[in-house]
Amino acid sequence: MNYIRLSKNLPVLSVIFFTFLFSLSVRGFAAVSLNYLPDKANVKNIVLENDVVRYTILFDKGVELTSVVEKTTGTDFLAGNPPLMFCTIGRMGSYLYSVEENKTGEKVSLSVTQHPRYGANTLVVTQTFSLGAGPELDWKIEALNTSPPVEKEPLYPLKWTSIGKTVTSWITFPLMQKMVLGSESETHCLFPGQGSYFYYFCIDSPETSFMYWTDKDDPRMPIDIFSSRLERGIYFQINKSKLDFSFSDKNDFRTKAFSITQKPGEQTEILDCRIVPHQGDWHAAFAAFKKHVRSGFDFTYYQRPIQQDYRRRPVGHFTFLYDLEIYDPETNRFRIDEFLDEGELNFGGYDFLLLWHNYPRLGIDQRDQFDVLESLPGGLEGLRKLVDRAHARGVKVFFSYNPWDIMRGRRDHARQCARALKAIGGDGLYLDTMKETDITFREALDAVNPDIIYMTENRPNLQTAAMITGSWQERAPTSNKMPTVDLLRFVIPEHIVYNTLRAIRNREDLIYNALFNGNGIFIWEDNFGDIALVPPHERVLIHRYNRIIRENRDAFLTDNPIPLVADFRDDLYVNAFPTTGKCVYPAYQDDREKAPWESKRLIGPFMEVEHPDNWHYVDVWNHRAIPLKKENGKTQLLFPEEPTGPLSCIVGMPENLKVEQEGEALRITVIKPVENASIQLNTVNNLTWMEEEVLKLEGTSGIVQIARLNLDSPYLVLVKLMQGDVLRDEVVLDLGWKKL
Amino acid sequence: MNHNRFIIQFTVLISVLISARGAFAESAGYSDMVLVPAGKFTYHVEYSAGTLDGKALDSLVRDERGRRYTMTKDLDLPAFYIDRTEVTNEQFKQFLDATGYRPEWPNSFLKHWRDGTYPKGEGNHPVVWILLAEAKAYARWAGKRLPTEEEWQKAAQGTDGRLWPWGNNYDPAKANMDSDCTRPVGSYPQGASPYGCLDMAGNVWEWTDTFQSDGYHLYAWIRGGGYFNANESPWYFRGGPITTDQRTKLWLMSPGLNRCATVGFRCVKDAE
């Protein structure tokens, strides 16, 4: 062991380094190197570097990071910052430091231990930094309270001694919390926050962005400090920590101090973190997080073929069987056909029904939820007929299961559910009040029908989401507020989330939110006797949602949607659903209603896209073509006039449809042939803005007489190139007021 | 003084007349009925959805701020006779034997009976597993009718607004509450109402003649609470002891569901 005195370099503290020298030379490994500056005997800086990055650590008032240089570009990620301490921890007095080198595999590690000099301060802190072949630096902090425990209370007071001391230490992380990129105003912070039932992530504040997440035990997105202008940042992926890394806003993030309390002799792992410099904005942190979550996720239940069919079913209906909408007391039967007809008229049709028979009736007598099924019209056989009729019309049927129904000790629920579902022929089980299930229950159902789908009322955590392939999203005030991003939908898009609102008058945000995130919608008008009908204008929105999400399901159902892509405006929020040959951008303008007298705000270029030159863009929600502007060789999208509502849904596609007006006819040509193609002409209802299908042409070209469209009011005509029922191209024609 | 004496004499005379009238009623074949005399009565009820202890979101039961609806009104009901006890299995069998009544949808009809008759030894238990319509059919056959909610409540609590038939304090020894089965009618004589009606709390819930629709659902208001109390979850329909001023909404759907093991009835008859 070799002791090196360094005190002359440290103006405030008298610090001694204990450097533990190994027989192995660090220069021997791969490309990672560790250098002491100016020299090992008189260390002021330590440089840890590999082929891609160079970290310079300074020993001054503590352990500080002075620069992170990306070698290919020479960019210093910390340029403009003073040296930033990795962390401040401890109590009174000054410290001594010892340094130790180590190697594990391809990684070179540096451990710095901070020893207190003041006798009453008993905290010893060790920070370990490891660099491998990549740009990321692993960083660990451990703290040991060296105070010996007191066996017996001594006669003298312990106040000024170091014996038997429980230590509470305040900790801050200046590198993470104080780092500035460019200027303070252009430095943005992505961090987690905590609500009453959930965790979320936001950029600077939950007021400006809100990404709803799951359970506190699930992995969290790294904390990212980035600058959109400089297009770089550093994220901190916290793998393990005793501390609660959740913040209320940027100011809280910048100023928060954490605390830990340690008993005598207690050792605490304070932090296990990875520091990663990156190009671009916070999406680098999101991508790493998504990769991490998905690598540990069990997709077995999601890989069933039935799950693909289920993902194509966005619209559900909460069917309260006591409602006269479905039950006909005159004939004592369920009027399923009429009910489905009405659903088509009102909402564009249901993909599945959730039949609800139990609460609030359960408990009037000894019949439990399974007995009650047999008391419904026709008993189980009657229900079987209902399910068969629904299936004949392409509608799936879920049944509700109440885990709380344990009257008189009856708990053989798994067997009962399996028996009932088999008798009825149901497709899925809705797990009321639940967000978890266990494998024995699942196995009991699998034995009857392995295609049974689970859907829970509450959001599952990632572990249980492996078995639960769909869930409700019903925390309306937070989760469905616009422009909330439902992050589970972007990390595990295979999991189907249904936006569900019960007794609430205004469901507009719910519908916008469903399209914005590509979520499903649960229509629920009878909340156990509390009637909240969907008003006509919202039915129109659901119709539009229903059409768009189906026609663009090739984009909505991929596993690579991107939340909150960059745009030019602070008040505009855009998600992206890219796929081959198409990209869907649901866009939401926030705060329109806060200043209703300010019209025409959202006009002009609003975002930049990188697609081939033959792409064009259509707002399929508002039926407007989106003009393009070329700026510095890049394509910008612009709104020629402010959209009529806060939501737009822009679909980018290669231009493949040519529509020319020749006198009283439209000549339609498809430039590049598409398999299984058809042309569909829709008129847009001037009052409801809904599409009324008028003509469907088989084949890919032809001449259509405009008179055949039967237009007699101001109208738009949509010419769509469909492949099967998926949109491939669309041209919006504004034929004008009584032009014909 | 003379004046006071006159009042006392008049009161005694009226009491004698009332007693005589009761005696006449019994002698006229209403031995199983008691008289509820005409008179003013403050009718106060609280609405209940039967579940979540009144906090259920139900637009018929509570307002938008979560307050349960109540109703108070002064009534002047004419005199009527009401069954002292709930209608029994034996009485209902007499009705079936006499009329040959058969329901259109028999699912759960008298589910506890076997081979067309009630279980041995349960002739004097209240009849259950019957619809409101079947209760009404029985009443018509017996020359009676089902009580209105107002009549039921007056018979249960008298005119002093008491919460339980026997007084204001809950007493589990005075009713069949929170048990596994019905008990013979009149098993709790100490739980009698001011007019002598028995089992107005507990034993079985009782249909009243109210059958309603809000345009979206069908339901009935039932009274009195039953023997069964599923208390394992707050989402269960709350049974057991229910005070006389609670009107509880019972969701109706198929006949098989509407017939319950815990709902019976008693009848009334106008006293002219």
Legend entry - Which listed residue is over 18 Å from A:MET482 (Cα atoms), surrounded by 17 or more Cβ atoms within 10 Å (Cβ to Cβ) and among the β-branched types (Val, Ile, Thr), from A:VAL574, A:VAL534, A:VAL497, A:VAL565: A:VAL534
Inset, instruction - Would you be able to say whether some residue in segment A:674-689 is farther than 22 Å from A:ASN546 by Cα and acidic (Asp, Glu)? - result: yes
Legend entry - Filter result (within 15 Å of the chain's Cα centre (by Cα), part of a helix (DSSP H, G or I) and either outside the structural domain of A:ALA514 (by TED's automatic domain parsing) or among the hydrophobic types (A, V, I, L, M, F, W, C) (or both)) within segment A:458-499: A:LEU462, A:ALA465, A:LEU487, A:LEU488, A:PHE490, A:VAL491
Legend entry - Candidate set from segment B:221-234 (those that are more than 7 Å from chain A (Cβ to nearest Cβ) and buried (at least 20 other Cβ atoms within 10 Å of the Cβ)); member that is farthest from B:VAL61 (Cα to Cα): B:TYR227
Inset, instruction - Check off (1) crowded, with 17+ Cβ neighbours inside 10 Å; (2) more than 38 Å from the chain's Cα centre (by Cα); (3) modelled with pLDDT of 50 or more; (4) farther than 17 Å from A:TYR95 by Cβ for A:ARG54 and give me the number that stays unchecked. - result: (2)
Inset, instruction - Just give me the residues in segment A:340-371 being assigned to a helix (DSSP H, G or I), within 14 Å of another protein chain (Cβ to nearest Cβ) and either buried (at least 23 other Cβ atoms within 10 Å of the Cβ) or in contact (Cβ under 8 Å) with a residue 60 or more places away in the chain (or both), in sequence order. - result: A:GLN369
Inset, instruction - Report yes if B:GLY256 is small (Gly, Ala, Ser), within 14 Å of chain A (Cβ to nearest Cβ) and within 16 Å of the chain's Cα centre (by Cα), otherwise no. - result: no
Legend entry - Residue within segment A:524-533 that is touching a residue at least 12 places away in the same chain (Cβ under 8 Å), out of contact with any Leu (no Cβ under 7 Å at 6 or more places or on another chain), more than 14 Å from every other protein chain (Cβ to nearest Cβ) and hydrophobic (A, V, I, L, M, F, W, C) present: no
Inset, instruction - Look at segment A:696-711 and say how many of its residues are crowded, with 16+ Cβ neighbours inside 10 Å and not aliphatic (A, V, I, L, M). - result: 1
Inset, instruction - Say whether the condition of being within 14 Å of another protein chain (Cβ to nearest Cβ), surrounded by fewer than 21 Cβ atoms within 10 Å (Cβ to Cβ) and in a loop (DSSP other than H, G, I, E, B) is met by at least one residue in segment A:296-319. - result: no
Inset, instruction - Could you please find all residues in segment A:320-329 being part of a loop (DSSP other than H, G, I, E, B) and either within 7 Å of chain B (Cβ to nearest Cβ) or of a type in the set (A, V, I, L, M, F, W, C) (or both)? - result: A:LEU321, A:TYR322, A:ASP323, A:LEU324, A:ILE326, A:PRO329
Legend entry - Among the candidates A:ILE521, A:ILE492, residue that is surrounded by fewer than 23 Cβ atoms within 10 Å (Cβ to Cβ), away from every other protein chain (no Cβ under 14 Å) and among the hydrophobic types (A, V, I, L, M, F, W, C): A:ILE492
Legend entry - Close pairs from segment B:96-108: first closer than 20 Å to B:THR262 by Cα and in contact (Cβ under 8 Å) with a residue 40 or more places away in the chain, partner surrounded by 12 or more Cβ atoms within 10 Å (Cβ to Cβ) and of a type in the set (D, E, K, R), Cβ under 8 Å, at least 6 apart: B:PRO103/B:GLU134; B:ASN107/B:ARG259; B:SER108/B:ARG259
Legend entry - Selection from segment B:202-216 of residues that are facing chain A (nearest Cβ under 10 Å) and surrounded by fewer than 24 Cβ atoms within 10 Å (Cβ to Cβ): B:SER213, B:ASP214, B:GLY215, B:TYR216
Inset, instruction - Please go through segment A:372-398 and pick out each residue that is assigned to a strand (DSSP E or B), in contact with a helix residue (DSSP H, G or I) (Cβ under 9 Å, 6 or more places away or on another chain) and not basic (Lys, Arg). - result: A:VAL397
Legend entry - Sole residue being under 20 Å from A:ASP323 (Cα atoms) and either surrounded by 19 or more Cβ atoms within 10 Å (Cβ to Cβ) or of a type in the set (Lys, Arg) (or both), chosen from B:LYS269, B:LYS174, B:LYS249: B:LYS249
Inset, instruction - Can you tell me which residue among A:ASN632, A:ASN614 is at negative phi and either of a type in the set (Ser, Thr, Tyr) or surrounded by fewer than 16 Cβ atoms within 10 Å (Cβ to Cβ) (or both)? - result: A:ASN614
Legend entry - So A:LEU386, is it buried (at least 21 other Cβ atoms within 10 Å of the Cβ) and in contact (Cβ under 8 Å) with a residue 12 or more places away in the chain: yes
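Condition check ((1) under 30 Å from B:PRO234 (Cα atoms); (2) buried (at least 16 other Cβ atoms within 10 Å of the Cβ)) across all residues:
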{"residue": "B:SER59", "(1), (2)": "yes, yes"}
{"residue": "B:ARG62", "(1), (2)": "yes, yes"}
{"residue": "B:LEU75", "(1), (2)": "no, no"}
{"residue": "B:THR85", "(1), (2)": "no, yes"}
{"residue": "B:PHE92", "(1), (2)": "no, yes"}
{"residue": "B:PHE109", "(1), (2)": "yes, yes"}
Inset, instruction - For segment B:240-249, name all the residues that are modelled with pLDDT of 90 or more and either closer than 16 Å to B:GLY191 by Cβ or at the interface with chain A (Cβ under 7 Å from one of its Cβ atoms) (or both). - result: B:ILE242, B:THR243, B:THR244
Legend entry - Test: residue in segment A:410-430 that is in a loop (DSSP other than H, G, I, E, B), farther than 18 Å from A:MET455 by Cα, more than 34 Å from the chain's Cα centre (by Cα) and within 9 Å of chain B (Cβ to nearest Cβ): no
Legend entry - Hits in segment A:372-384 - residues which are under 40 Å from the mean Cα position of the chain (by Cα), more than 8 Å from chain B (Cβ to nearest Cβ) and within 21 Å of A:LEU324 (Cβ to Cβ): A:LEU373, A:LEU383
Legend entry - Subset of segment A:330-339 [farther than 22 Å from A:SER400 by Cβ and not in a helix (DSSP H, G or I)]: A:GLU330, A:THR331
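For (1) buried (at least 21 other Cβ atoms within 10 Å of the Cβ); (2) in a helix (DSSP H, G or I); (3) in contact with a strand residue (DSSP E or B) (Cβ under 6 Å, 6 or more places away or on another chain), each residue gets a yes or a no:
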site	(1), (2), (3)
B:ASN124	no, no, yes
B:ALA135	yes, yes, yes
B:PRO147	yes, no, yes
B:GLN153	yes, yes, no
Inset, instruction - Taking B:PHE237 as meeting all but one of (1) more than 13 Å from every other protein chain (Cβ to nearest Cβ); (2) among the aromatic types (Phe, Trp, Tyr); (3) surrounded by 19 or more Cβ atoms within 10 Å (Cβ to Cβ), write down the number of the exception. - result: (1)
Legend entry - Every residue from segment A:715-729 that is surrounded by 14 or more Cβ atoms within 10 Å (Cβ to Cβ) and not aliphatic (A, V, I, L, M): A:TYR715, A:LYS720, A:GLN723, A:ARG728, A:ASP729
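The values are calculated or read from the model by the stated rules, or taken from the named source; none is laboratory data. On a predicted model such as this, the values are computed, not experimentally measured, just so you know. In this analysis, Cβ positions are derived from the backbone assuming ideal geometry, glycine residues included, and neighbour counts consider all displayed protein chains.
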